[in-house]
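All remarks here apply to the structure that follows.
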Amino acid sequence: MPNRLQDKIAVITGGNSGIGEATGHLFAQEGAKVVLMARREAEGQAVAAAIRDAGGEATFVACDVGDDESVTAAVRQAAQAYGGIHLLFNNAGGGGGSQFPNEPNAEWHRVINTNLTGTFYVSRAVWPHLVAAGGGAVVNMSSLAAQRGFSSRMQDEFGTTSASYYAAKAGVDALTRYMAGAGGRHNIRVNCVRPGQILTPGATRGTSKNPDGGHHVFEKMFDFAQIVQGPGLPEDVANLVLFLCSDESRFVNGEMINVDGGVAAKI
């Protein structure tokens, strides 16, 4: 069914690459007016221009989701750009490279601030616009890390991201449940996606590249645990986000949905 987001106004954080970029293109193809938010302005402007070149409507607003003042100003600008906000995809985030118990304080605070506090800041700023619009949809970005554990052998053989990332994404899950409850009276649905192995620029950074798009930094672990062979793509996540923001998912609320190729072992 085409034009599933016709005349909707959507804010996408982390919209300058990867999953955010793919979602921006898909939303615009489905009729939405897209506001991309990110820190790296040159990349964000390029994505917005590419969406417009393809016939869509998009604008870029510089924003650091971990800075409350930056978020407040950016959301105000986003609402003014097209006259409101109906949809929010809290996509911005990132992990850390340290291992517990040796993770530095600075890394812990940075990862928590970007992933969890940033989701809170942007959601809080956008919320009045969703209420004023008579309802809307929010999709938060979590991770398989929010529910997956590991053994010592798995950590030694495959590695893992930081404790701060696990904690931040578990917090995003909890925040999603809370927001879904708060949004019920305002016709605002809030759901969450948990990607696994997705070939984004962040996930392939520091790995060898090939014509198929490179390798995920935790590729060996996913190849061991995943039912579906091979990596996922940003478009695989974008397709789910589109569904959760469209009326097709009107009876789906407060859910955490994995996009991970069926990782067989979860705790």
Worksheet item: Which residues, counting only those in the stretch 170-182, are in contact (Cβ under 8 Å) with a residue 60 or more places away in the chain, closer than 14 Å to Thr119 by Cβ and either part of a strand (DSSP E or B) or out of contact with any helix residue (DSSP H, G or I) (no Cβ under 6 Å at 6 or more places or on another chain) (or both)?
Response: Thr176, Arg177, Ala180
Discussion item. Under 8 Å between Cβ atoms, which residue pairs at least 6 apart in sequence (or on different chains) link something in the stretch 51-78 that is surrounded by 20 or more Cβ atoms within 10 Å (Cβ to Cβ) with a partner that is of a type in the set (Val, Ile, Thr) and assigned to a loop (DSSP other than H, G, I, E, B)?
Written reply: Val71/Val65; Val75/Ile85; Ala78/Ile85
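For the stretch 79-90, enumerate the residues that are part of a helix (DSSP H, G or I) and either in contact with an Asp or Glu (Cβ under 7 Å, 6 or more places away or on another chain) or touching a residue at least 24 places away in the same chain (Cβ under 8 Å) (or both).
Taking the stretch 79-90 first, the residues part of a helix (DSSP H, G or I) are 79-82.
Correct list: Ala79, Ala81, Tyr82.
Does the stretch 129-144 hold any residues that are part of a helix (DSSP H, G or I) and either within 17 Å of the chain's Cα centre (by Cα) or over 23 Å from Gly20 (Cβ atoms) (or both), and which are they?
Filtering the stretch 129-144 down to residues part of a helix (DSSP H, G or I) leaves 129-132, 144.
Hits for the stretch 129-144 are Val131, Ala132, Leu144.
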Worksheet item: Which residue pairs have Cβ atoms under 8 Å apart, sit 6 or more places apart or on different chains, and have a first residue in the stretch 237-257 that is in a loop (DSSP other than H, G, I, E, B) and a second that is among the basic types (Lys, Arg)?
Response: Ser246/Arg4; Arg250/Arg189; Val252/Arg189; Asn253/Arg189; Gly254/Arg177
Worksheet item: Out of Ala132, Ala137, Ala170, Ala106, which single residue is of a type in the set (Gly, Ala, Ser), in contact with a Cys (Cβ under 9 Å, 6 or more places away or on another chain), modelled with pLDDT of 95 or more and at negative phi?
Response: Ala137
Worksheet, complete the sentence: Checked against (1) surrounded by 18 or more Cβ atoms within 10 Å (Cβ to Cβ); (2) farther than 16 Å from Lys169 by Cβ; (3) not β-branched (Val, Ile, Thr), Gly95 satisfies every condition except (2)
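Suppose we filter Val126, Val131, Val122 for residues that are in contact with a strand residue (DSSP E or B) (Cβ under 8 Å, 6 or more places away or on another chain), among the β-branched types (Val, Ile, Thr) and surrounded by fewer than 20 Cβ atoms within 10 Å (Cβ to Cβ); which single one remains? So that I can check it myself, show each step before the final result.
Working: Val126 fails: surrounded by fewer than 20 Cβ atoms within 10 Å (Cβ to Cβ); Val122 fails: surrounded by fewer than 20 Cβ atoms within 10 Å (Cβ to Cβ).
Val131 is the lone residue from the list that is in contact with a strand residue (DSSP E or B) (Cβ under 8 Å, 6 or more places away or on another chain), among the β-branched types (Val, Ile, Thr) and surrounded by fewer than 20 Cβ atoms within 10 Å (Cβ to Cβ).
Here are Glu21, Glu43, Glu30: which of them is crowded, with 23+ Cβ neighbours inside 10 Å and not aliphatic (A, V, I, L, M)? Even if it seems obvious, please write down each step before you answer.
Details: Glu43 fails: crowded, with 23+ Cβ neighbours inside 10 Å; Glu30 fails: crowded, with 23+ Cβ neighbours inside 10 Å.
When all the criteria are applied, what remains is Glu21.
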Item to complete: Could you please find all residues in the stretch 26-44 being over 19 Å from Gly118 (Cβ atoms), free of Cβ contacts under 8 Å to residues at least 60 places away in the same chain and in a helix (DSSP H, G or I)?
Response: Ala28, Gln29, Ala42
Worksheet entry | Subset of the stretch 45-71 (residues that are in contact with a helix residue (DSSP H, G or I) (Cβ under 7 Å, 6 or more places away or on another chain), under 20 Å from Ile112 (Cβ atoms) and assigned to a helix (DSSP H, G or I)) | Asp68, Val71
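The values are calculated or read from the model by the stated rules, or taken from the named source; none is laboratory data. This is a predicted model, so every value here is computed, not measured. Don't worry about glycine lacking a Cβ; one is built from the backbone with ideal geometry, like all the others, and counts go over all protein chains shown.
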